[in-house]
Structure formats: structure tokens, C-alpha cells
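The values are calculated or read from the model by the stated rules, or taken from the named source; none is laboratory data. Fair warning: this is a prediction, and the values are worked out from it, not measured in the lab. Note that each Cβ is placed from the backbone with ideal geometry, even for glycine, and that neighbours are counted across all protein chains shown.
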Amino acid sequence: MATDTEAKAHPREGYRRLAWRMVDEDVVYLVPFAVYGILDRHDLLYRWKRPEPGQGRQVPEATYPDEVWHIDLMYLWVKGRWYFLVTVLDSYSRYIVHWELALSMQAQEIAEIMNIALEQVSGKKPRIVRDNDSQFVAKEWQEVIRHFELEEIPIRARHPESKDFVAYCTSYLSLDRILENTLGLNFHLLLTGVFSSGGSNRY
């Protein structure tokens, strides 16, 4: 299968980057979550490094709003350059607490986005579910965690639950990515519409 071949040819690419690479090279058109599923079934998710069994923690189930938040970083190609969609999702309500299109994935920028999200819920201390990317061990991110006195939950390998709603949205985002240059779609309005439909009842 083309996805398997591309994954083996580019072992350092994560499933998101691999999905966009295959679109750019006209190999196959799949949303990132579909690529994740294919790589998982064929044991190709961790081609460069095998994590130790049990690494990370299981994603907790939220029982009320603002108990557990998930932060997700997604690559998006818009008008000839890469952007990074950063979303903060309330696990209980599936409400998008905050989202921004970032120009980089530097720790400072990601930390500032989380800071803005937390300032919207003054007094709340959600547990933050995140992956193990370098941004989340950097000084800037840890300063935000300490300032708001939060608990972090690094997710276990091969557990994409924390990206469930965001992954659902990628089918719309990939359509915009492929067509925006020819149809002139307003990307920011599209994202606003997608996330607004994802859950407006938070409490």
C-alpha cells in the first residue's frame, strides 16, 4: 500500500507530516487520522524509536467541565506556507476553549496560547493532557504550569484519544487545504465554523 511504502521511506515523519507529504507529492489523499490508523494497523507508528511499555499515563475521563483539558498541535498548509493549529479542548463538553493559528511550534508561542486559554477560566485548574513533544518540557511551558498550579498528564504511546474531536475536524480542514488556492475559501472563517459546531454548550 502506498501509505506503508511512504512511511518506510520517511521514517522520521510523524503521521500528520506524512499525510501532508503524500498530498503534496500526489501519492494519496488521506486525512491525518486515517494515516494514523493505517500506520497503527501495520505497526509503523514508531519506526524510529520504540517506547517502553506503559510509558505515559492513560487519559482520564472527565466528570465535569474544566476538569480535564487536551492540547493538540496540528500542521496545516495555508496559502503557500505551514501554519500550526493549536487547540485547547475541554474533555467533558468537547468545547474548544481556545484555538489559534501559530506561526511556529516554539515553546514560547505554545505556552502563550495556553496562558490565554487559562485566563478565560480564572480560578479553574484543569488537568492538562498533552503529548510528549519538546514544547511541553521546555522552560516556557513549565512556567505556565507552575504559575497556574496545574497537573500535566502526558499521554501513553499509541493512545490517540486526546485528539478525538480535533481528529474529527481534520476531514474538513484537509478539504480546505486541498482546495483553498483554487476556490478562494476563507480559511479562518472555515475553522471558526468547524469549531463552533463542535460544542457550544460547555456547562
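Numbers for the structure displayed
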quantity	calculated
Unique match (being within 14 Å of residue 141 (Cβ to Cβ) and part of a strand (DSSP E or B)) among 96, 113, 71	71
Failed item in (1) under 15 Å from residue 150 (Cβ atoms); (2) touching a His at 6+ places or on another chain (Cβ under 8 Å), with residue 87 passing the rest	(1)
Count - residues of segment 111-157 that are in contact (Cβ under 8 Å) with a residue 40 or more places away in the chain, over 16 Å from residue 89 (Cβ atoms) and touching a Phe, Trp or Tyr at 6+ places or on another chain (Cβ under 9 Å)	3
Residue identified as closer than 21 Å to residue 59 by Cβ, in a strand (DSSP E or B), of a type in the set (A, V, I, L, M) and outside the structural domain of residue 45 (by TED's automatic domain parsing) among 153, 145	153
